[in-house]
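A.B. asks: Dumping the structure here so I can ask a few things about it.
The values are calculated or read from the model by the stated rules, or taken from the named source; none is laboratory data. All of these numbers come straight from a predicted model, not from anything done at the bench. Neighbour counts are summed over all protein chains in view; Cβ atoms, including those assigned to glycine, are modelled from backbone coordinates with ideal geometry.
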Amino acid sequence: MTLLKVENLQLSIYDNPVLHDIDFQVDAGQTLGIIGESGSGKSLSALSVMQLLPKGSKATGSILFDGEELLDKTEAQMCSLRGDDIGMVFQEPMTALNPVQTIGEQVAETVFIHQQVGRKAALEIAAQTLEHVELPNSEFPLSRYPHELSGGQRQRVVIAMAIALRPRLLIADEPTTALDVTTQAQILALLKRLTSEHNMALLLITHDLGVVADIADHMVILRHGTVVDSGETGTIFKALRHPYTKALYEASGHVPERSVKHMLPEVLLDVNAVSRDYRLPRSGLFSRPDSFRAVDQVSFVIHRGENVGLVGESGCGKSTLARAILGLEKLQEGSITINGEQVLADMQMPASLRRQVQVVFQDPYGSFNPRHKVKRLVGEPFYLLDSPPAGADYDMAVTEVLESVGLAASDADKYIHEFSGGQRQRIAIARALIIKPGLIVLDEPVSALDVSIRAQILDLLAALSAQFDLSYLFISHDLTVVRSVTDRVLVMKDGRIVEQGDTEDVFSNPQHAYTNNLLDSVPVLPGADNP
Amino acid sequence: MIRYVLKRLLSLIATLVVASVVIFVAIEVVPGDPASYMLGLNAAPDTVQALRDELGLNASKVTRYVNWVSGMLSGDFGTSYTYRTPVSEMITERIGISGPLAIYALLLSTLIAFPAGIIAATRRGSVADVSIMGATQLGVAIPNFWFAMLLVLFFSIQLRWFSAGGFPGWDQGLLAGLKALTLPAVALALPQASILARVMRSSLLDTLGEDFIRTARAKGLTTRQTLWRHALRNALIPVLTIIGLQFSFLLAGAIIIENVFFLPGLGRLIFQAISQRDLIVVESVVMLLVFAVVLVTFLVDVAYAVVDPRLRAR
């Protein structure tokens, strides 16, 4: 039986059309995957069903829920549907919960705003629901606050709020995008279990084909606010009949062409038994503060021209290690040398050393000063040089580096807001590249990008590495990406490197149980090789 | 939570100690000998010396500091050089006006600012928002003593509802006292309310854009329920900070308004004491104000922790 039927849905925001003739439907107990890149309108489609659209939106067409037209409902009627018959789960579990209320109160709220029950009864239902999403009350009492939980645990609380009243339709908007692979696998399994147990329909919105392949019965592929392809999941993956579907599929498993190892025997980076402790807040007023070891006795080397991957879950110490290599963290033990010269923390690090290592960060939106032109942003590392180029030489260097990352010389006079995410990441790479460092630390450089853009950036990185004999430390939680661009890989867990070796060896024949676990959690594209 | 409060208390005490030393030293380096000032230009040197002895000005600096602090702890603030009356009496009398005036003004300011800020934030861009923001702009810009004079012109001289100044004393009854403080409180509250309303609005707008507000809406809460149950408490932190700062300011900074309305408050007391080199009064009043400010900061810190559980662990 069709539970939700969307027909000819058109949406405009301040007369700006964003969705055109969207059609899809989902039956009870079934899962529909809605796939698209950023700006494709997948989230707006979901919000149209919830009628929680941004200001200035106007939706026409038809959204039938259980035979009733949602577009005709008043706000009050929608309020009684939301949370009761239709639940929704959002992308960012870290911010989706009210930080000043306990998880019990927040789950119970769903119950008592819809049902005439007392506070106690509502909390009782909340406790049951939290158990149901695998947060046992013994370990996670109702009195916990969101900041005391991890991302995956918070997402379970959000799911508990959405399913407390057993809605018939659950909308999940990128529910696992912000989570680690292992947590992602657990959350997906939970969603799968809940839909079958309660005969609930699930609308799963994602940019990740691997995620839907495993769980969706049907899928819809959106692009620029239009449905470009839809059908039964298996058929879509088998046929790949629409060119865009095919392009998405290929970009998802994209492996950049990399020349045979151009690695030189020279050791560029030597990390030797490095440990980093963080002081924890004092437990008593006068007691000595404890410390937390974020990086524990880590050793590895990177040769000139070598691309090394560093994988592990959030909180494993990847970023701390990267910061230590950049000279931004004081070490408690061990040493780091670049080209034989010792890395010292903070201000003690000499410019001669700093110019040998540069960094590209994850978020292309947050890592630029919005008031500077690209010319200045890209040329910033020049201050590390003894005699930085000036005037025409400066402009030429900027032009050259912009062209080498696939941008135009004319982009130098633009501001950063004029660029898309992918272009910004190219600018970030240009900025790292401009003083010709030996090593670039790439901290999740493609995680915020759409698959097709991601494929382009990976190609660019591979080409630049070959061209300039660049070494990379490529930090990522995305195993597929790491596999496609690195020669060697380090697997990190709880501050330690638990396994390292040639990328292919580690991925095809993992030795450590943790590596195995990570690899098993990666969603697999049907028909594609193993990741 | 208890640990958090204890830590704040410790820092409160430390601040007071540092402040007392700073005040004492600052007063010491100020030129002008109170004894010769009191006796006038033609006083004989030995008379001045005798008075210095009497006032305890000849003792060593450390002894004088210790005497001052231990005196204050036991409620003895010393004797005013000029008026020859115990400083504690003078302060008690003045604080009986300044304290209620500050609280009155702060209450008014909060009562105006909260609804104004909330209406402006929830109806962003509407006529109500634009007019409230315009009014607050004006409220910040108008000098409060001028506004005070307008109030006097209108309410005292035209309508004759309130007296134009002075304070009858609390022994004339609570109502009479409050009535005398009403116009000054309104004049003081206007700029404070304007600032507070703007902070409330922007803080609430930020909070209303948060993800958990959308989550609440997805649970089926109406916009009104979302505001009351989720947004307000989260928006309160910056507002509390401003309220704390405003109270401290109102306690001591009301001097101009006190002058306009002829109110014998703390601000006037300290102003007179400075011009008469009545250093013991200056020291004591300043120390008292520091104490009030530090205490309010402490209370605001505790309020933070009550509002936001994330701060309790610190």
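A.B. asks: If I filter region B:1-30 down to residues being of a type in the set (G, A, S) and either within 12 Å of chain A (Cβ to nearest Cβ) or within 26 Å of B:R312 (Cβ to Cβ) (or both), which single residue comes out as surrounded by the most Cβ atoms within 10 Å (Cβ to Cβ)? Spell out the reasoning first.
C.D. replies: Step one: of region B:1-30, the residues of a type in the set (G, A, S) are B:11, B:14, B:19-20, B:26.
Going one step further and asking which of them are either within 12 Å of chain A (Cβ to nearest Cβ) or within 26 Å of B:R312 (Cβ to Cβ) (or both), we end up with B:11, B:14.
On the way: B:S11: 14, B:A14: 11.
This residue is B:S11.
A.B. asks: Working carefully through the options B:V199, B:V186, find the one that is in contact with a Pro (Cβ under 9 Å, 6 or more places away or on another chain) and among the aliphatic types (A, V, I, L, M).
C.D. replies: Sole residue among the options that is in contact with a Pro (Cβ under 9 Å, 6 or more places away or on another chain) and among the aliphatic types (A, V, I, L, M): B:V199.
A.B. asks: Something else about it: State which residue is nearest to B:A121 (Cα to Cα) when the search covers only region B:232-282 and only residues that are part of a helix (DSSP H, G or I), touching a Pro at 6+ places or on another chain (Cβ under 9 Å) and away from chain A (no Cβ under 14 Å). First the steps, then the outcome.
C.D. replies: Step one: filter region B:232-282 for residues part of a helix (DSSP H, G or I), giving B:232-252, B:255-260, B:266-275, B:279-282.
Going one step further and asking which of them are touching a Pro at 6+ places or on another chain (Cβ under 9 Å), we end up with B:234, B:256-258, B:260, B:279-280.
Retained after the next criterion (residues that are away from chain A (no Cβ under 14 Å)): B:256-258, B:260, B:279-280.
On the way: B:I256: 33, B:I257: 31, B:E258: 34, B:V260: 35, B:L279: 48, B:I280: 49 Å.
Ranking the qualifying residues of region B:232-282, first place goes to B:I257.
A.B. asks: OK, next. Could you list, in sequence order, the residues of region A:103-133 that are assigned to a loop (DSSP other than H, G, I, E, B) and surrounded by fewer than 17 Cβ atoms within 10 Å (Cβ to Cβ)?
C.D. replies: Across region A:103-133, the qualifying residues are A:Q115, A:Q116, A:V117, A:G118.
A.B. asks: Check A:L310, A:L321 and return the single one that is within 15 Å of A:Y472 (Cα to Cα) and assigned to a helix (DSSP H, G or I).
C.D. replies: When all the criteria are applied, what remains is A:L321.
A.B. asks: A follow-up question, please. Of the conditions (1) polar (S, T, N, Q); (2) out of contact with any Phe, Trp or Tyr (no Cβ under 9 Å at 6 or more places or on another chain); (3) assigned to a helix (DSSP H, G or I), A:S465 satisfies every one except a single condition; which number is it?
C.D. replies: Among (1) polar (S, T, N, Q); (2) out of contact with any Phe, Trp or Tyr (no Cβ under 9 Å at 6 or more places or on another chain); (3) assigned to a helix (DSSP H, G or I), the lone unmet condition for A:S465 is (2).
A.B. asks: Within region B:125-228, considering only helices (runs of 4 or more DSSP H) that don't extend past its boundaries, which have at least 3 residues that are under 19 Å from A:N98 (Cα atoms) and within 14 Å of chain A (Cβ to nearest Cβ)?
C.D. replies: B:174-208, B:211-218, B:223-226
A.B. asks: Pick from region A:26-84 the residues that are buried (at least 21 other Cβ atoms within 10 Å of the Cβ) and out of contact with any strand residue (DSSP E or B) (no Cβ under 9 Å at 6 or more places or on another chain): which of them is farthest from A:L3 (Cα to Cα)?
C.D. replies: Top of the filtered list is A:C79.
A.B. asks: If a residue has to be at the interface with another protein chain (Cβ under 8 Å from one of its Cβ atoms) and in contact with a helix residue (DSSP H, G or I) (Cβ under 9 Å, 6 or more places away or on another chain) to count, how many in region A:52-101 make the cut?
C.D. replies: 19
A.B. asks: Looking at region B:51-59, can you tell me whether even one residue there is among the aliphatic types (A, V, I, L, M), away from every other protein chain (no Cβ under 14 Å) and part of a helix (DSSP H, G or I)? Break it down into steps so the answer makes sense when it comes.
C.D. replies: Taking region B:51-59 and keeping what is among the aliphatic types (A, V, I, L, M), we get B:51, B:55, B:57, B:59.
Filter again for away from every other protein chain (no Cβ under 14 Å), leaving B:51, B:55, B:57, B:59.
Next, from what is left, pick out any that are part of a helix (DSSP H, G or I): B:51, B:55.
Yes, there is a match, as at least one residue in region B:51-59 is among the aliphatic types (A, V, I, L, M), away from every other protein chain (no Cβ under 14 Å) and part of a helix (DSSP H, G or I).
A.B. asks: Which one of the conditions (1) within 28 Å of the chain's Cα centre (by Cα); (2) within 9 Å of chain B (Cβ to nearest Cβ); (3) part of a helix (DSSP H, G or I); (4) not hydroxyl-bearing (S, T, Y) does A:A160 fail to meet, given that it meets all the rest?
C.D. replies: Condition not satisfied by A:A160: (2).
A.B. asks: If I go through region A:135-145 residue by residue, how many of them are away from chain B (no Cβ under 12 Å) and either crowded, with 17+ Cβ neighbours inside 10 Å or aromatic (F, W, Y) (or both)?
C.D. replies: Residues meeting the conditions: 3.
A.B. asks: Given the criterion of a type outside the set (K, R), without any contact (Cβ under 8 Å) to a residue 24 or more places away in the chain, assigned by TED's automatic domain parsing to the domain that holds A:I457 and in contact with an Asp or Glu (Cβ under 9 Å, 6 or more places away or on another chain), identify the matching residue among A:D494, A:D487, A:D502, A:D478.
C.D. replies: Only one candidate passes the filter, namely A:D502.
A.B. asks: Could you list, in sequence order, the residues of region A:39-69 that are more than 11 Å from A:L222 (Cβ to Cβ) and either part of a loop (DSSP other than H, G, I, E, B) or in contact with a His (Cβ under 7 Å, 6 or more places away or on another chain) (or both)?
C.D. replies: Result: A:Q51, A:L52, A:L53, A:P54, A:K55, A:G56, A:D66, A:G67.
A.B. asks: Quick one: A:E148 ticks every box in (1) within 20 Å of the chain's Cα centre (by Cα); (2) within 13 Å of another protein chain (Cβ to nearest Cβ); (3) among the acidic types (D, E) except a single one, so which number is it?
C.D. replies: (1)
A.B. asks: Could you list, ordered by first residue, the pairs with Cβ atoms under 6 Å in which the first is in region A:418-436 and assigned to a loop (DSSP other than H, G, I, E, B) and the second is of a type in the set (V, I, T), at least 6 apart or interchain?
C.D. replies: Filtered contacts from region A:418-436: A:I434/A:V378; A:I434/A:V401.
A.B. asks: Right, next: Residue check: is B:R277 farther than 20 Å from B:P100 by Cβ, crowded, with 18+ Cβ neighbours inside 10 Å and touching a helix residue (DSSP H, G or I) at 6+ places or on another chain (Cβ under 9 Å)?
C.D. replies: Against the criterion (farther than 20 Å from B:P100 by Cβ, crowded, with 18+ Cβ neighbours inside 10 Å and touching a helix residue (DSSP H, G or I) at 6+ places or on another chain (Cβ under 9 Å)), B:R277 qualifies.
A.B. asks: Right, next: Quick one: B:F162 ticks every box in (1) modelled with pLDDT under 90; (2) out of contact with any Lys or Arg (no Cβ under 9 Å at 6 or more places or on another chain); (3) buried (at least 18 other Cβ atoms within 10 Å of the Cβ) bar one, so which box is it?
C.D. replies: All conditions pass for B:F162, except number (2).
Residue-wise test of (1) crowded, with 18+ Cβ neighbours inside 10 Å; (2) without any contact (Cβ under 8 Å) to a residue 12 or more places away in the chain; (3) among the polar types (S, T, N, Q).
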position	(1), (2), (3)
A:R293	no, no, no
A:V298	yes, no, no
A:G305	yes, no, no
A:C316	yes, no, no
A:S319	yes, no, yes
A:L328	no, no, no
A:G334	no, no, no
A:D346	no, no, no
A:R355	yes, no, no
